[in-house]
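Please read the structure below before turning to the comments.
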Amino acid sequence: MYVAVKGGESAILNSYDLLAQQRRGDAAVAELSVAQIQQQLRLAVDRVMTEGSVYDPQLAALAIKQSAGDLVEAIFLLRAYRATLPRLGYSQAIDTGKMQIARRISAAFKDLPGGQVLGPTYDYTQRLLDFSLLATGQSLPVPKTFAPSNEPSPRVVDLLNHENLLETQPVPEGDPDPFDLTRAPLRFPADRSARLQNLARADEGFLLGMAYSTQRGYSETHPFVGEIRFGTVELCLVPEELGFEISIGDLPVTECQMINQFQGSLTQPPQFTRGYGLAFGHSERKAMAMALVDRALRADELGEAVTAPAQMQEFVLSHSDSLESSGFVQHLKLPHYVDFQSELELVRKMRHSFATPGDAHGPA
Amino acid sequence: MHELTQPLLRVQNLHCAYGARAVVRDISLDLWPGEVLAIVGESGSGKTTLLNALAARHAPTSGTVAFAMRGSGLQDIYALSEAQARLLARTDWGFVHQHAADGLRMNVSAGANVAERLMALGQRHYGNLRAQAGDWLARVEIDPSRIDDRPDTFSGGMRQRLQIARNLITQPRLVFMDEPTSGLDVSVQARLLDMLRMLTRQMNLAAVIVTHDLAVARLLAQRMLVMQGGVAVETGLTDQVLDDPQHPYTQLLVSSVLPP
Amino acid sequence: MDQPEASSAAPVRDPHINFAYLDERTKRMIRRAILKAVAIPGYQVPFGSREMPLPYGWGTGGIQVTASIIGPDDVLKVIDQGSDDTVNAVNIRRFFQRTTGVEVTTDTTAASIIQTRHRIPETPLQAGQILVYQVPVPEPMQHLEPREVETRKLHALQEYGLMHVNLFEDLAHYGHIATTYDYPVLVNGRYIMSPSPIPKFDNPKMHQNPALQLFGAGREKRIYAVPPFTDVESLGFEDHPFEVQHWDHPCEICGARDSFLDEVLTDDQGSRMFVCSDSDYCAKQQALHTPPNTLPPETV
């Protein structure tokens, strides 16, 4: 005989136990430590910090451990944690011109002051599985070190700016505070600072697809990598009580400056246009995708026809956040049987009037 | 009567420029109730920009466009609030696009397309709405049994007639038309023009029709304005202008039309 | 953060988390949005939705609204699809037990705040109660016009022709209005609102309700409200007026004829039975009436 369903609570509690087991896996295998993740899954940690919008490698590593490697889940954990943290203040804008460079390349120039510094990258590896990594405890080769160069590495955009070849954005009047996406909801049309924040936190896969579409004819911006630089920058703050700037530490970031289709006319001297990307840690793919999409979203501002999805603010910015997209897609797993019941009833009713013609409700 | 002493539409010194390039230069005209005006010229003459400026779709660089609003006389249409302007566009005005797909909802039925303005004005009786839509389909010579079909199943001529029905159902006093017959077969054009002529007379509609086709002007319009390079080079009664053109450009246009 | 507990233990108030999870400034921001919403019935007020420990799309808007208004003396009921015991309702209730320690109940009449997903309780609400709805898509015209810039304008200019075109089209195509849940309503004669995916059966309950009705959409970042004793009218045509669903049979457990019934398949031959969706209502009806079946219902 049918009984009213009870027991949702005990089912949930049991599922927690099952989840913990799944996460741990075979107990005979050594447990993964947060420190190991932080050190050896560094690029995953970088992604989780970037999209989680919190620079804390240990917390990101913890989130990865807790989510058994599901990075979107880990990003969710970090964002939810972030929502509990009080806001102490805003830092000064970081100065990537003063970055301690670990890697710095430009596709736009063969050589440039500061040089092309390859640094650690998968770019020139052959993607062959290295079976020696199945074992542990191998000795690592020691990379050659060079005496740190005293030659400065000015940003490529600054170099182009000397000749006025690159568009510059004057600081808006009154130097207003940037829009804070973590405090206020996005409204459309969104200004560039709101768009860039949205893109910085955006799901890398979605952004990559959007960026790729701009290279395949869904809007064309003729991009060149002006510069990618990865290294550490200093983070400075002006605490209210002190009134002067103090450094509170260093953090590694990846910055990408894209140089795009020039604009101009017979009456206006042409200049290249720009796209910008920034991410925590070593995240080139993300920074590049962000820069391409940033440029595409500037179509309105630059007087270009909006024809492709990557240029449509509402399309890109409304669907870029993995918490929102994953949450809503997966919410379909929640019970919807009341609504489905309503649909069932209507369809049955309509089918019934099909079977019995002459129903007053049928179309004329 | 007040209505007889002021024009329906008064345009004064209208000037439209894109940057340094003037596209419409210093146009002035009055349009009276029930009067049909054809704006004729080749492509690039500025006629479409002029039409859009008159229809509140493209703000002019200088000059005014004033419409005789019901109950309040001539008002600068660019001084209206957005709410007023949108209401005007849905009730007292019509705009027939060159490509019908631009003026229709292609993904809803013909009936919904025609009845939409009435629903926007607050009509809430489905049977009545449907009956009115059916009447109008018949008036524009579309088989009323096609009321539930979508416009993407209609021919070009039918779509154009559907667009006209959608616009005229609220008995507007002024309709703008942008090349309403171009792209259609000659015989389809002829039927459409006949229908338009009948409707404008029956409803005492004023209209501004942009066309490059002098035959359209001859058939539909009492008055004509010839544009070249953004300037109105000649205006007057259609028959007079076509039978006895004064300006060299008008003479060229008239003489290059093949005799029927 | 989540520790599995003994199966039957109710969650204990966690002193490390601020009361109701959100920090006080956030609560204040949300309450301001709520006040604005109450002042303009049916109007969607944007708010700075926070990330919550439940995913967007799973009730974070409703949770943020509840978290901003709940106090230590409140009594909370949480339902999903009308039931207190579905997994989503349990999860949300436990969240509030853990972050507030307030008394919880399954009794509709005893609750001061009821958070709900997709149903309005059958038991009529009273003045002083607050019903908090979880809303997935706050914009009633979103499926017709996805651009927010455009829908904002339509609401501001009260241009709702598009909604009626949609209903007209349903009648032309199906002979019926095809919307059976999340059926749009006109609030206080001004704004058209999405009531959230409640079945249209529940729409009439919103009209002139003595309780305050609050709506939270966390992912879309909107809050809206229907103050007590406000007119809420479901859209329709004069000759095809709004209609609610009817069943031919009563609830097979309690005998009620006036509640929304869930259909339950009982074997693979297509046999089915119908029972109340509102679990609290069903239990109360059972207590009042002799059930048609002589066997007492089993409980787990």
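Condition first: part of a loop (DSSP other than H, G, I, E, B), of a type outside the set (S, T, N, Q) and either more than 7 Å from chain C (Cβ to nearest Cβ) or surrounded by fewer than 16 Cβ atoms within 10 Å (Cβ to Cβ) (or both). Now tell me which residues in segment A:311-360 satisfy that. Spell out how you get there, then give the answer.
So the first thing to find is which residues in segment A:311-360 are part of a loop (DSSP other than H, G, I, E, B), and the list is A:312, A:319-321, A:334-336, A:356-360.
If we keep only those that are of a type outside the set (S, T, N, Q) too, we end up with A:312, A:319, A:321, A:334-336, A:357-360.
Within segment A:311-360, A:Met312, A:His319, A:Asp321, A:His336, A:Pro357, A:Gly358, A:Asp359, A:Ala360 meet the criteria.
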Test for C:Asp267: is it more than 10 Å from chain A (Cβ to nearest Cβ) and over 28 Å from C:Gly175 (Cα atoms): yes
Residue in segment C:7-38 that is surrounded by the most Cβ atoms within 10 Å (Cβ to Cβ), counting only those that are away from chain A (no Cβ under 13 Å) and more than 15 Å from C:Arg222 (Cα to Cα): C:Arg13
Pairs with Cβ under 8 Å, 6+ apart, first in segment C:249-260 and more than 8 Å from C:Val275 (Cα to Cα) and modelled with pLDDT under 90, second aromatic (Phe, Trp, Tyr) and surrounded by fewer than 23 Cβ atoms within 10 Å (Cβ to Cβ): C:His249/C:Phe274
Condition broken by C:Trp58, with the remaining ones in (1) more than 17 Å from A:Arg82 (Cβ to Cβ); (2) part of a helix (DSSP H, G or I) satisfied: (2)
In segment A:71-97, residue farthest from C:Arg219 (Cα to Cα) [restricted to those that are loosely packed, with under 15 Cβ neighbours inside 10 Å and within 13 Å of another protein chain (Cβ to nearest Cβ)]: A:Leu88
Residue list for segment B:236-260, filter: surrounded by 18 or more Cβ atoms within 10 Å (Cβ to Cβ) and either farther than 14 Å from B:Thr211 by Cβ or of a type in the set (S, T, N, Q) (or both): B:Thr238, B:Pro245, B:Tyr249, B:Thr250
Sole exception among (1) modelled with pLDDT of 85 or more; (2) in contact with a Pro (Cβ under 8 Å, 6 or more places away or on another chain); (3) over 22 Å from A:Asp300 (Cβ atoms) for A:Ser193, by number: (3)
Residue within segment A:265-279 that is more than 13 Å from chain C (Cβ to nearest Cβ), within 20 Å of A:Leu181 (Cα to Cα) and among the aromatic types (Phe, Trp, Tyr) present: yes
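Inspect all residues belonging to segment B:47-56 and state whether any of them is touching a Ser or Thr at 6+ places or on another chain (Cβ under 7 Å) and either surrounded by 15 or more Cβ atoms within 10 Å (Cβ to Cβ) or within 26 Å of B:Val11 (Cβ to Cβ) (or both). Lay out the reasoning, then the answer.
First, pick out the residues of segment B:47-56 that are touching a Ser or Thr at 6+ places or on another chain (Cβ under 7 Å): none.
Scanning segment B:47-56, I find no residue that is touching a Ser or Thr at 6+ places or on another chain (Cβ under 7 Å) and either surrounded by 15 or more Cβ atoms within 10 Å (Cβ to Cβ) or within 26 Å of B:Val11 (Cβ to Cβ) (or both), so the answer is no.
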Among (1) among the charged types (D, E, K, R); (2) within 11 Å of chain A (Cβ to nearest Cβ); (3) over 30 Å from B:Leu118 (Cα atoms) - the single one C:Asp258 does not satisfy: (2)
Residue satisfying all of: in segment A:221-257; in a strand (DSSP E or B) and hydroxyl-bearing (Ser, Thr, Tyr); nearest to the chain's Cα centre (by Cα) among these: A:Thr254
C:Ser49 of a type in the set (S, T, N, Q), within 28 Å of A:Arg87 (Cβ to Cβ) and within 13 Å of chain A (Cβ to nearest Cβ): yes
Candidate set: segment B:184-209, residues that are touching a residue at least 60 places away in the same chain (Cβ under 8 Å) and in a loop (DSSP other than H, G, I, E, B); chosen: the one farthest from the chain's Cα centre (by Cα): B:Asn204
Residue identified as more than 14 Å from every other protein chain (Cβ to nearest Cβ) and either assigned to a strand (DSSP E or B) or touching a residue at least 60 places away in the same chain (Cβ under 8 Å) (or both) among B:Ala53, B:Ala66, B:Ala59: B:Ala66
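Test of understanding: among A:Gln261, A:Gln268, which residue is at pLDDT below 95, over 22 Å from A:Gly205 (Cβ atoms) and in contact with a His (Cβ under 6 Å, 6 or more places away or on another chain)?
Numbers: A:Gln268 fails: in contact with a His (Cβ under 6 Å, 6 or more places away or on another chain).
Criteria check complete, one pass: A:Gln261.
Could you list, in sequence order, all residues of segment C:61-105 that are assigned to a helix (DSSP H, G or I), more than 18 Å from C:Gly218 (Cα to Cα) and of a type in the set (A, V, I, L, M, F, W, C)?
Initially, segment C:61-105 is screened for residues assigned to a helix (DSSP H, G or I), giving C:61-69, C:87-100.
Keeping just the survivors that are more than 18 Å from C:Gly218 (Cα to Cα) gives C:87, C:90, C:94, C:97-100.
Correct list: C:Val87, C:Val90.
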Tally, over segment C:194-231, of residues that are touching a residue at least 60 places away in the same chain (Cβ under 8 Å) and over 23 Å from A:Gly327 (Cβ atoms): 14
Flag for C:Val244 being more than 14 Å from chain B (Cβ to nearest Cβ), surrounded by fewer than 21 Cβ atoms within 10 Å (Cβ to Cβ), outside any loop (DSSP other than H, G, I, E, B) and of a type outside the set (Asp, Glu): no
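Which of the residues spanning segment A:9-29 are of a type in the set (Gly, Ala, Ser) and either within 12 Å of chain C (Cβ to nearest Cβ) or on the phi < 0 side of the Ramachandran plot (or both)?
Of all residues in segment A:9-29, those of a type in the set (Gly, Ala, Ser) come to A:10-11, A:15, A:20, A:25, A:27-28.
A:Ser10, A:Ala11, A:Ser15, A:Ala20, A:Ala27, A:Ala28, listed by residue number.
The values are calculated or read from the model by the stated rules, or taken from the named source; none is laboratory data. Owing to the predicted nature of the structure, the values given are computational and were not obtained by experimental measurement. Cβ: placed from backbone, ideal geometry, glycine included. Neighbour counts: every protein chain shown.
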